[in-house]
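Quick notes on the structure that follows.
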Amino acid sequence: LESLRHGNPDSQIGFIAMWFHDEVKNAWIAIENGIRSAGYKPFRVDQKEHNNDITDEIIAGIRGSKFLVADLTKHRNGVYYEAGFAKGLGLEVVWLCRKSDEKDRHFDIRQLSTIFWEEDKLAELSKALENRIVATIGRGLLAGKA
C-alpha cells in the first residue's frame, strides 16, 4: 500500500491529462506518437474500460505512471488537478498548450517551460514532446518496439 502513495519509477507509462474533445483529436494522436517515440506507453483514462469511479481510475493511473503530460488547451480544471497530483507524487510533468490558448494559462504556471503547439504543425509537437521526455525523463524501454 505504501508504494502506491508515490509514483512508479519503473513504469513505462506516460499518463496524458488533456481535454477529451474532437477539436484536439489530432493533437492527441501527435501526443501519443511523441510518447511512443520516446519509448513509453501513452495512457488516457477515457480509453480504459472500467466500472469504477473515474476519479479513482485517474488517481490509480497517475500513480502507476512514470510521468504525466499535461495539455492545458482550453484550461480544463481536471488537467491542472491531475498535474498537481502528479507533482505531489514527485513525477515529472511535461507541459503542453495550444499556441492560441497561451495567454490564458493560469498565472502560477506561466513561468514553467511549456511546449506550444499549432494545429498545422503537429509533427513538430510529436518531435518536441519526444525530445522533452528523453531529455528530462530518459528514453523508455519500449523505444523501437511496436
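The values are calculated or read from the model by the stated rules, or taken from the named source; none is laboratory data. Keep in mind it's a predicted model, so treat the numbers as computed, not measured. Note that we place each Cβ from the backbone using ideal geometry, even for glycine, and neighbour counts take in every protein chain shown. The protein model used for the area step is the full one, side chains on, heavy atoms only, and it has no ligands, DNA or RNA in it. Shrake-Rupley method; radii C 1.70, N 1.55, O 1.52, S 1.80 Å.
Computed values, structure above
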item	result
Residue count for region 28-42, restricted to those that are more than 14 Å from ILE133 (Cβ to Cβ) and within 12 Å of the chain's Cα centre (by Cα)	1
Filter result (open to solvent by less than 80 Å² (accessible area, probe 1.4 Å) and either touching a residue at least 40 places away in the same chain (Cβ under 8 Å) or of a type in the set (Phe, Trp, Tyr) (or both)) within region 87-122	LEU89, GLY90, LEU91, VAL94, TRP95, LEU96, ARG98, THR114, PHE116, TRP117, LEU122
LEU125 vs. criteria under 21 Å from VAL24 (Cα atoms), in contact with a helix residue (DSSP H, G or I) (Cβ under 9 Å, 6 or more places away or on another chain), surrounded by 13 or more Cβ atoms within 10 Å (Cβ to Cβ) and of a type in the set (A, V, I, L, M)	yes
Residues of region 63-86 satisfying the condition of being in a loop (DSSP other than H, G, I, E, B) and surrounded by fewer than 17 Cβ atoms within 10 Å (Cβ to Cβ)	GLY64
So VAL94, is it of a type in the set (A, V, I, L, M, F, W, C) and part of a helix (DSSP H, G or I)	no
